[in-house]
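Colleague: Please read through the structure below; I'll follow up with questions.
The values are calculated or read from the model by the stated rules, or taken from the named source; none is laboratory data. Since we're looking at a predicted model, the values are computed, not measured. Glycine gets a Cβ as well: all are built from the backbone with ideal geometry, and neighbour counts include every protein chain shown.
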Amino acid sequence: MRTNPPPPDRRLIYLLNVAQRRVQRSARRRGATPAQSGLLFVLGKQDGLSMGEVGVALDLGLPGISGLAERMAEAGLIDKRADPADGRASRLWLTGAGRKALAQARANAADINSRLMDGFTEAEIDIVARWLKAVQAKFPKGDDE
């Protein structure tokens, strides 16, 4: 049995992917990448987290957070230090440059969020937020691993 394709305005996978790529490109043009901004935001709330804790907060596996942390340490945005309680583990700390990058990332995020919400009512934005959270619940971490 053949089904008709969804109308163009309901191709949610396509629309979600295009929107995500465009928002990420816009964010990258403004400075830190979205992944870097995420790490800055997490450490801005609680400095000195372990790599595992940061990975959980960002929904990244250990290889992903390790590479991100290495690149950000090389850029001088974070310090990666051995965990005093477990020499095999590392903890991440913002540097002065990282705190400046965090301030810029916050301003950029506020601007992007404002652009994303422009032209929509609060009720419509609540529905979009609820839908995006439902997507996360319907496709939990680990389903793709």
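Colleague: Loosely packed, with under 14 Cβ neighbours inside 10 Å and more than 30 Å from Asp86 (Cβ to Cβ): which single residue out of Gln46, Gln20 fits that description?
Modeller: None of the other options fit; the residue is Gln20.
Colleague: When the residues of region 94-112 are filtered to those that are of a type outside the set (A, V, I, L, M) and more than 15 Å from Ala35 (Cα to Cα), which remaining residue is farthest from the chain's Cα centre (by Cα)?
Modeller: Of everything passing the filter in region 94-112, Gly96 is farthest from the chain's Cα centre (by Cα).
Colleague: For region 107-145, enumerate the residues that are charged (D, E, K, R) and surrounded by 12 or more Cβ atoms within 10 Å (Cβ to Cβ).
Modeller: Asp111
Colleague: Of Ala109, Ala89, Ala82, which residue is in contact with an Asp or Glu (Cβ under 6 Å, 6 or more places away or on another chain), outside any loop (DSSP other than H, G, I, E, B), modelled with pLDDT under 95 and hydrophobic (A, V, I, L, M, F, W, C)?
Modeller: Only one candidate qualifies: Ala89.
Colleague: Restricting to region 70-79, what's the tally of residues that are among the aliphatic types (A, V, I, L, M) and in a strand (DSSP E or B)?
Modeller: Count: 1.
Colleague: How many residues does region 28-48 contain that are under 11 Å from the mean Cα position of the chain (by Cα) and in a helix (DSSP H, G or I)?
Modeller: Count: 9.
Colleague: Can you tell which of Arg91, Arg115 is more than 16 Å from the chain's Cα centre (by Cα), of a type in the set (D, E, K, R) and closer than 18 Å to Arg28 by Cβ?
Modeller: Every option except Arg115 fails the conditions.
Colleague: Of all residues in region 95-132, which are among the β-branched types (Val, Ile, Thr) and touching a Gly at 6+ places or on another chain (Cβ under 9 Å)?
Modeller: The one that is among the β-branched types (Val, Ile, Thr) and touching a Gly at 6+ places or on another chain (Cβ under 9 Å): Thr95.
Colleague: If a residue must be part of a helix (DSSP H, G or I) and either in contact with a strand residue (DSSP E or B) (Cβ under 8 Å, 6 or more places away or on another chain) or buried (at least 19 other Cβ atoms within 10 Å of the Cβ) (or both), how many such residues does region 49-69 contain?
Modeller: Of the residues in region 49-69, 8 are part of a helix (DSSP H, G or I) and either in contact with a strand residue (DSSP E or B) (Cβ under 8 Å, 6 or more places away or on another chain) or buried (at least 19 other Cβ atoms within 10 Å of the Cβ) (or both).
Colleague: Please name all residue pairs, on different chains or six or more residues apart, with Cβ atoms under 6 Å, provided the first residue is in region 32-60 and is on the phi < 0 side of the Ramachandran plot and without any contact (Cβ under 8 Å) to a residue 12 or more places away in the chain and the second residue is of a type in the set (A, V, I, L, M, F, W, C) and buried (at least 19 other Cβ atoms within 10 Å of the Cβ).
Modeller: Pro34/Ala27; Gly55/Ile65
Colleague: Also, quick follow-up: Taking the criterion of being crowded, with 17+ Cβ neighbours inside 10 Å, at pLDDT 95 or above and not small (Gly, Ala, Ser), would at least one residue in region 98-106 satisfy it?
Modeller: Looking through region 98-106, at least one residue is crowded, with 17+ Cβ neighbours inside 10 Å, at pLDDT 95 or above and not small (Gly, Ala, Ser).
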